[in-house]
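> Below are the structure tokens for one structure; questions will follow.
The values are calculated or read from the model by the stated rules, or taken from the named source; none is laboratory data. All values derive from a computational prediction rather than experimental measurement. Here Cβ is always computed from backbone atoms with ideal geometry, including for glycine, and neighbour counts include all displayed protein chains. What goes into the accessible areas is simple: the full protein's heavy atoms, side chains included, and nothing from ligands, DNA or RNA. Shrake-Rupley method; radii C 1.70, N 1.55, O 1.52, S 1.80 Å.
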Amino acid sequence: MALTVLNPATEEPIAELEQAGVEDTDEAVARAKAAYPAWRAVAPGDRGRILRRLATLVEENVEELARIESRNVGKPIAGARGEIGMVAQVFHFYAGAVDKHNGETIPVAGGVAATFREPLGVVGLIVPWNFPANIASWKLGPALACGNTVVLKPAELTPLSAIRIGELALDAGIPEGVVNILVGKGSVVGQRLIEHPDVAKIAFTGSTEVGRRVMQGAAGTIKRVTLELGGKSANVVFEDADLEKAAAAAPYSVFDNAGQDCCARSRVLVQRSVYDRFLDLLVDATRGVKVGDPEDEATEMGPLVSAQHRETVASFVEGEPVFRGDVPGGPGFWYPCTLVEATNEDRVAREEVFGPVAAVIPFDDEADAIRISNDTPYGLSGSIWTRDGARALRVARATDAGVLSVNANTSVRVQTPFGGFKQSGFGRELGMHALEGYSEVKSVFISTEG
Ligand code: NDP
């Protein structure tokens, strides 16, 4: 069945693609399996050199890839350029990392044990629609560097950048069959990858609900699984913080990518003593977010990814919000920047909205801030704003989340591990940690007895 891909800013079709089915998935896995012995036999430094060529090709094609991503997801073009820049950085990082991911030698009775990092085999990569190229690269980079071959399934809504990256991988000299891109439904292609006996691991980013299905499906063949799932992160603002700086940053930690970000700090926790002042500053800063045509260089927020997703987002806003921004008229799946005052028990504070809606919640003191921050099934990211360094560290250590920032609103760096606590998933992407998820440690004992 054909798949029509839309531009969410115009609602116009931008591509018609054939969708893969179960048989195509089996064929892709067979291709990846056939390509595996030769790819794993390439010396790590040589795999690194090939990956570096891919990184360079992505850099040379930033503009084209950014335009594809912007049109397919509705991302502002300036931000899309940054994201594709990160794709190149990720490939550069793993190109350089792969020949430093060494084993050990361990002296033991009667000889010595050596450990080796072996690739897993065929890895299934299932990727969502919010950062299609970026999240694909977080998985492709370490998977390929370690010597695995892959079958990548982009989200149905946003397959275009993955297809182009697949072409560039071939141009870079990655052999046929090592990278296989399959456009198709999660319930068909994704499900088959999860259950396929020749797939050694699934690396999944998406909803917690589908993540649960991945774990269940993987049990049948004891597949390795890493899961990067939803979040409901807190932006905690203490009374001693630089309130102007915190308020200026806060909108971009939740409205960036129109809130379709698993790291969105969609709960803004504010100490009661500065609550009213901070709320005024936050409303002013949110009013300044430039919402509009993704092709405009000045635009900071585009539309949501689909009409259906807009309905879901809208369902979270009950009553009169404290602020609701403007959106362009005409076509496009627009939803305004929205601030609501809430308690941590309200649905808008408990569930992942995945849209430009922030819940502002007061707290009394440090202990209360930690309690509310951790009172969620998720544990992905968050921010802490304070001028007290000891408090920053205390709160960071007490927060059940994988990626935190102090006096800043960002979560993702190529060099640092990224992943969740609790129902935000497990396993780490990015940095040297990601290499652990795409290799097995093998221990070999060598007798030194005569
Ligand atoms: P999903 O979890 O459904 O989609 C993520 C990926 O999984 C897509 O490639 C999807 O394919 C695939 N998939 C779907 N069903 C299956 C299945 N049964 N087996 C294997 N793979 C499957 O996310 P949605 O797109 O439905 O978004 C729903 C919500 O999930 C969002 O509103 C948000 O709350 C959360 N989410 C979180 C993300 C994150 O970064 N942590 C990213 C995306 C969503 P296909 O597109 O073909 O269905």
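> Evaluate the following for ARG272: is it surrounded by fewer than 19 Cβ atoms within 10 Å (Cβ to Cβ), touching a Leu at 6+ places or on another chain (Cβ under 9 Å) and among the basic types (Lys, Arg)? Give the steps one after another, and end with the answer.
Numbers: surrounded by fewer than 19 Cβ atoms within 10 Å (Cβ to Cβ): yes; touching a Leu at 6+ places or on another chain (Cβ under 9 Å): no; among the basic types (Lys, Arg): yes.
No, not satisfied.
> Just for segment 203-222: of the residues that are assigned to a helix (DSSP H, G or I) and of a type in the set (S, T, N, Q), which one is nearest to THR158 (Cα to Cα)?
Residues of segment 203-222 assigned to a helix (DSSP H, G or I): 208-219.
After this cut, where a residue has to be of a type in the set (S, T, N, Q) as well, the list is 208, 216.
Working: THR208: 19, GLN216: 26 Å.
Ranking the candidates gives THR208 first.
> Do you know which of the residues in segment 12-65 that are touching a Pro at 6+ places or on another chain (Cβ under 7 Å) and within 30 Å of MET1 (Cα to Cα) is surrounded by the fewest Cβ atoms within 10 Å (Cβ to Cβ)?
Once the filter is applied, the top-ranked residue is LEU17.
> Just the residues that are of a type in the set (A, V, I, L, M, F, W, C), open to solvent by less than 10 Å² (accessible area, probe 1.4 Å) and within 22 Å of GLN260 (Cβ to Cβ), please, taken from segment 351-400.
VAL353, VAL357, ALA358, ALA359, VAL360, ILE361, LEU380 - these are the residues of segment 351-400 that are of a type in the set (A, V, I, L, M, F, W, C), open to solvent by less than 10 Å² (accessible area, probe 1.4 Å) and within 22 Å of GLN260 (Cβ to Cβ).
> A further question on this structure: Does at least one position in segment 148-161 carry a residue that is among the small types (Gly, Ala, Ser), closer than 26 Å to ALA38 by Cβ and either modelled with pLDDT of 95 or more or not in a loop (DSSP other than H, G, I, E, B) (or both)? So that I can check it myself, show each step before the final result.
Taking segment 148-161 as the starting set, the residues that turn out to be among the small types (Gly, Ala, Ser) are 155, 161.
Now restrict to residues that are closer than 26 Å to ALA38 by Cβ: none.
So far as segment 148-161 goes, no, none of its residues is among the small types (Gly, Ala, Ser), closer than 26 Å to ALA38 by Cβ and either modelled with pLDDT of 95 or more or not in a loop (DSSP other than H, G, I, E, B) (or both).
> Another question, if that's okay. Only residues in segment 114-142 that are farther than 25 Å from PHE354 by Cα and more than 9 Å from the ligand (Cβ to nearest atom) count as the first member; pair them with residues that are open to solvent by 20 Å² or more (accessible area, probe 1.4 Å) and acidic (Asp, Glu), Cβ under 6 angstrom, at least 6 apart or cross-chain, and list the lot.
Matching pairs, first to second residue: THR115/GLU104; GLU118/GLU440; VAL122/ASP198.
> If I go through segment 73-112 residue by residue, how many of them are β-branched (Val, Ile, Thr) and under 19 Å from LEU430 (Cα atoms)?
Residues meeting the conditions: 4.
> So, one more: Restrict the check to segment 71-82 and report whether at least one residue is touching a strand residue (DSSP E or B) at 6+ places or on another chain (Cβ under 8 Å), open to solvent by 40 Å² or more (accessible area, probe 1.4 Å) and closer than 30 Å to GLU12 by Cβ.
yes
> Residues that are modelled with pLDDT of 95 or more and more than 29 Å from GLY74 (Cα to Cα): does segment 346-359 have at least one?
Scanning segment 346-359 turns up at least one residue that is modelled with pLDDT of 95 or more and more than 29 Å from GLY74 (Cα to Cα).
> Tell me which of these CYS262 doesn't satisfy, since it passes every other one: (1) near the ligand (Cβ under 9 Å from one of its atoms); (2) at positive phi; (3) hydrophobic (A, V, I, L, M, F, W, C).
For CYS262, the failing item is (2).
> Another question, then. Would you check which residues across segment 228-258 are touching a residue at least 60 places away in the same chain (Cβ under 8 Å), more than 10 Å from the ligand (Cβ to nearest atom) and either outside any helix (DSSP H, G or I) or of a type in the set (D, E, K, R) (or both) and list them?
Answer for segment 228-258, where residues must be touching a residue at least 60 places away in the same chain (Cβ under 8 Å), more than 10 Å from the ligand (Cβ to nearest atom) and either outside any helix (DSSP H, G or I) or of a type in the set (D, E, K, R) (or both): SER233, ALA234, ASN235, VAL236, VAL237, PHE238, ASP240, ALA241, ASP242, LYS245, PHE255, ASP256.
> Go through segment 259-313 residue by residue and tally those that are in a strand (DSSP E or B) and among the small types (Gly, Ala, Ser). Steps first, please.
Filtering segment 259-313 down to residues in a strand (DSSP E or B) leaves 267-271, 291, 301.
Then keep just the ones that are among the small types (Gly, Ala, Ser); that gives none.
Residues in segment 259-313 being in a strand (DSSP E or B) and among the small types (Gly, Ala, Ser): 0 in total.
> For GLU320, work out the one condition from (1) more than 16 Å from the ligand (Cβ to nearest atom); (2) at pLDDT 95 or above; (3) of a type outside the set (Phe, Trp, Tyr) it doesn't fulfil.
(2)
> Name every residue in segment 164-183 that is touching a Leu at 6+ places or on another chain (Cβ under 8 Å) and outside any strand (DSSP E or B), in order of residue number.
Across segment 164-183, the qualifying residues are ARG164, ILE165, GLY166, LEU168, ALA169, ASP171, ALA172, ILE174, GLU176, VAL178, LEU182, VAL183.
> On to the next question. Is at least one residue of segment 335-351 within 14 Å of SER233 (Cβ to Cβ), part of a loop (DSSP other than H, G, I, E, B) and in contact (Cβ under 8 Å) with a residue 40 or more places away in the chain?
Within segment 335-351 (the criterion being within 14 Å of SER233 (Cβ to Cβ), part of a loop (DSSP other than H, G, I, E, B) and in contact (Cβ under 8 Å) with a residue 40 or more places away in the chain), the answer is yes, since at least one residue qualifies.
> Something else about it: Looking at (1) in a helix (DSSP H, G or I); (2) within 16 Å of the ligand (Cβ to nearest atom), find the lone condition where VAL225 falls short.
Of everything listed in (1) in a helix (DSSP H, G or I); (2) within 16 Å of the ligand (Cβ to nearest atom), VAL225 misses just condition (1).
> Something else about it: Return a yes/no flag: does segment 300-316 have any residue that is aliphatic (A, V, I, L, M), away from the ligand (no atom under 16 Å from the Cβ) and buried (at least 21 other Cβ atoms within 10 Å of the Cβ). Spell out how you get there, then give the answer.
To start, the set of residues in segment 300-316 that are aliphatic (A, V, I, L, M) comprises 301, 304-305, 307, 313-314.
So of that shortlist, the ones also away from the ligand (no atom under 16 Å from the Cβ) come out as 301.
Within this subset, residues satisfying the condition of being buried (at least 21 other Cβ atoms within 10 Å of the Cβ) are 301.
Yes, there is a match, as at least one residue in segment 300-316 is aliphatic (A, V, I, L, M), away from the ligand (no atom under 16 Å from the Cβ) and buried (at least 21 other Cβ atoms within 10 Å of the Cβ).
So that you can scan it fast, the table gives a plain yes or no per residue for (1) surrounded by fewer than 17 Cβ atoms within 10 Å (Cβ to Cβ); (2) more than 7 Å from the ligand (Cβ to nearest atom):
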position: GLU156; (1), (2): no, no
position: ALA162; (1), (2): no, yes
position: ILE165; (1), (2): no, yes
position: ASP171; (1), (2): yes, yes
position: VAL183; (1), (2): no, yes
position: VAL188; (1), (2): no, yes
position: ARG192; (1), (2): no, yes
position: ALA219; (1), (2): yes, yes
